[in-house]
Each structure stands twice: as C-alpha cells, then as structure tokens.
Amino acid sequence: MTVGEYKPGLEGIPAAQSSISYVDGQKGILEYRGIRIEELAQQSTFLETAYLLIWGILPTREELKQFEDDIRYHRRIKYRIRDMMKCFPETGHPMDALQASAAALGLFYSRRALANPNYIREAVVRLLAKIPTMVAAFQLMRKGNDPVRPRDDLDYAANFLYMLHEREPDPLAAHIFDVCLTLHAEHTINASTFSARVTASTLTDPYAVVASAVGTLAGPLHGGANEEVITMLEEIGSVENVRPWLDTSLERKTKIMGFGHRVYKVKDPRATCLQGLAEQLFEKFGHDKYYDIAIELEKAVEEKLGHKGIYPNVDFYSGLVYRKMGIPEDLFTPVFAIARVAGWLAHWKEQLDENRIYRPTQIYKGEHGNPYIAIEQR
Ligand code: SDX
C-alpha cells in the first residue's frame, strides 16, 4: 500500500465520495443533491430538505406528509431521559447536554439492526423529532421550569420556538427559523460530518453517530463560532471602534470569528441569505446596532484580508438572526446541530452503503528500539 502525502487537517484530501452536497468555494456555490441552496431556502422547508438530503429525492406530497406526521408523532422524549437531563448542572453548556442526551437515545432505541430498512427510517425520524425537544427541554430545566410538551398543531420550526419560549411563536420568526435550519442542514465533509462518517463506518448506532458529531460541532472553530461572533461584536461595541479593534486583533494574530473558511474563498452564500433574513427581522422587530457593527466589520475585514480569501462564513450573521428571535447565545450552536442532524444522517446512510471502516495511515516520526528502563533507574 503506498502512503500518500500528509496534509495537516487533511486539507484538499478527499475523505469520502458523496452525492449529498456540493460546494464551489471559488464561486460561492452550495447545492444539496444538485439543487442550489438559494432555491431551497426560498421554496422548500427544512423537513422537505432533510428528506431530500437523506433519501436523495424530493418527496411527493404524500411522502412529505407521512414524514412530517411521523416526526410530529415522535417529538416527545421519554420521562427517563427528561429525568436524566434534570441531573445535568444548570451551568453546563447546552451542547454538552445535547451530546449526552443524544447518546442516551441509543439506550432506548439502538437495536443494532442496520440491515432493517425500517430501523434506518425509524432512527432518522426519532433523531430529527427528538433533538429539538431535548434542546428546548434543557433550556427550560436549567431555568428551573418543567419542559413543555411539543404541540402537534405547530410545524417543526414553530414548535421548537414554542417549546423554547413557552409562547405562541411569531409566524415570520417561525418561517425565518425554518429557513435557517435549511441553510445549516448540510455542508459536505466538514469536521462534524467527518466525525459522523468515521463513527458510522464502524457500524455503531446512529445515536452514537450523532453524539460524536455534536461533540465535534461544539468547537469554536466550527459550529461554536456563531456564539463567539456575538461576543466579538459586543466587545467591539461601536462602529467607530471596528477598525481599531480589527488592527489590534490582527496584530495579535487572533482569528476573527465568523470569517474565513477552508473551502469558501468568497463570501459564504449562506451568509448572504442569513443577512437578508436578519434584515427582515429588523424591519418587523426593530433594528439591532450590532448589525451596523457587523456590516462595518465585514467591510474592514475585506480590506485587510480579502486578498487571502477571508470573507464572512455561515456563522457571521446567524447569531444576529437568532438573537432577534430571543434564542439565548449558548443555544446558537445547539440550533446549528438541530439542522445539521439532517446532513449527518444523510452521510450516516451513505457511509453504510460505502461499507468500509475508516482507518487512515500515519507518518511515524517517533523512535525505534528503545529499551525499557526500570523505574529505579529513571
Ligand atoms: C463552520 O467546513 C465547513 O464546511 C464548516 C461549516 C459547515 O457548514 O459545516 O461551514 C461551518 O465551521 C464555519 C467556520 C466557523 N469558524 C469560524 O468562523 C472561526 C474563525 N475561522 C477560522 O478559524 C478559519 O477560517 C477556519 C477554521 C474556518 C478555516 O481555517 P483554515 O482553512 O484551516 O485556514 P487557516 O487557519 O489555514 O488560515 C489560512 C490563513 C492563515 O493566515 P497565514 O498564517 O497563512 O498568514 O488565513 C488566516 C490564517 O491566519 N485566517 C484568518 C481567519 N481564518 C483564516 N485570519 C483571521 N481571521 C480568520 N477568521
């Protein structure tokens, strides 16, 4: 077996063959199963998009209704999982709570019958249905409240906002939240999806696959950046301070959160979509001064780093959208995870078809032939 050239972070190294999504980083193109993300954001819904990603085809009206009904039916979580979550410390990060509770689903549902097509559909439905409920439940429990039951009369996005805020969701906010889920659903072989594929390749259960991916997404260089962006904008504090702050940050060689991407060397098309959604929310619910700071920062970063292909990524504007919807900052990444479960499940299913465990090689840089030295002589 010939050993290929090592590239840190596997940059430019294909780690999978996939037909789920496609990114052209130079042209700023993202397609899910060949359909441009802008079209799906405008015309589809998150659940229809999830179906497309996972089964590779847009559902008929009947297929979509059955999928939506099945997910609606499975939204509740077992009282044992709720009781387990009640023991989580209120100060714990919601991504850690989500990772633990996603893995716990495996205790109840992971009959390892991967050959059973119903098992695959059941796991897809249960994870898409229960992840939002667990995110909302942890939020209410850490405030000392009992989690509210999902409402069958609300669609997927509206129900999440209802469970989170315990009030009737605004229709525009619910629609925009659904579009955000579509925008975040899938993005080729990013770090958390790679984790999902590696975990899936051992034929473990899909709940462990999702728990593995949640842990990866939590990092500030990946899904955790959306939360960091708000902290950064608050630290900048004013439009006037944008450039002085940026100069200091660049002198310190700190990464500007929400900017840069391993693949996109132009503005992430999702950032453009999210900017438009933010402006719709500001029009209805009032402006956010941090948007003005964000716009100024985008201009300043382009001046300084545009030549390096560093532009806003998906995380730069998403936090401003979620804030305006009243979603707490430390729930921004769990919200990202709610959406990305669709992509992770699509890759889980595709990896099962690949049927080959991931086992790369390494370039050994250590020593050989060292003697064992007794502890008395060390
Ligand atoms: C997501 O992969 C995906 O698809 C991820 C994602 C998805 O949908 O799954 O799109 C979601 O994770 C978006 C990224 C969110 N993360 C952030 O916003 C954190 C800030 N971004 C950076 O950490 C960085 O841009 C990464 C991690 C996103 C990409 O890093 P790379 O590809 O490893 O780039 P690099 O670190 O090799 O940097 C190349 C150069 C360096 O300068 P030089 O040493 O060559 O002079 O660009 C600079 C870096 O210093 N650079 C930045 C920068 N990002 C890269 N400089 C300042 N600020 C930044 N944000």
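The values are calculated or read from the model by the stated rules, or taken from the named source; none is laboratory data. The structure presented is a predicted model; accordingly, all values stated were derived computationally and were not measured. Virtual Cβ from ideal backbone geometry, glycine too; neighbours counted across all protein chains shown. Side chains are part of the model used for accessible areas, which takes the heavy atoms of the whole protein and leaves out ligands, DNA and RNA. Shrake-Rupley method; radii C 1.70, N 1.55, O 1.52, S 1.80 Å.
Of everything in the range 255-279 that's open to solvent by 10 Å² or more (accessible area, probe 1.4 Å) and among the small types (Gly, Ala, Ser), which residue is farthest from the ligand (Cβ to nearest atom)? Among those that are open to solvent by 10 Å² or more (accessible area, probe 1.4 Å) and among the small types (Gly, Ala, Ser), it is Gly276. From the list Phe316, Phe282, the one residue that fits, being at pLDDT 95 or above, under 20 Å from Ala41 (Cα atoms), within 13 Å of the ligand (Cβ to nearest atom) and not assigned by TED's automatic domain parsing to the domain that holds Met134, is Phe316. Apart from one condition, Met257 fits all of (1) touching an Asp or Glu at 6+ places or on another chain (Cβ under 6 Å); (2) modelled with pLDDT under 95; the exception is (2). Of the helices (runs of 4 or more DSSP H) lying entirely inside the range 1-105, the ones with 2 or more residues being among the β-branched types (Val, Ile, Thr) and at pLDDT 95 or above are found at 46-55. Looking at Ser212, Ser238, just one residue is within 30 Å of Arg121 (Cα to Cα) and open to solvent by less than 70 Å² (accessible area, probe 1.4 Å), and that residue is Ser212.
What's the total number of residues in the range 1-50 that are polar (S, T, N, Q), assigned by TED's automatic domain parsing to the domain that holds Arg197 and open to solvent by less than 90 Å² (accessible area, probe 1.4 Å)? Before the answer, list the steps.
As a first pass, look at the range 1-50 and keep what is polar (S, T, N, Q): 2, 17-19, 21, 26, 42-45, 49.
Now drop any that are not assigned by TED's automatic domain parsing to the domain that holds Arg197, which leaves 42-45, 49.
Cutting the leftovers down to open to solvent by less than 90 Å² (accessible area, probe 1.4 Å) gives us 44-45, 49.
Adding up the residues that qualify gives 3.
Every residue in the range 13-64 that is of a type in the set (Gly, Ala, Ser) and either in contact with a Leu (Cβ under 7 Å, 6 or more places away or on another chain) or closer than 28 Å to Tyr358 by Cβ (or both), please. Correct list: Ala15, Ala16, Ser18, Ser19, Ser21, Gly25, Gly34, Ala41, Ala50, Gly56. Flag: Pro312 does not match the condition of being open to solvent by less than 10 Å² (accessible area, probe 1.4 Å), touching a Pro at 6+ places or on another chain (Cβ under 6 Å) and either farther than 25 Å from Arg243 by Cα or without any contact (Cβ under 8 Å) to a residue 60 or more places away in the chain (or both).
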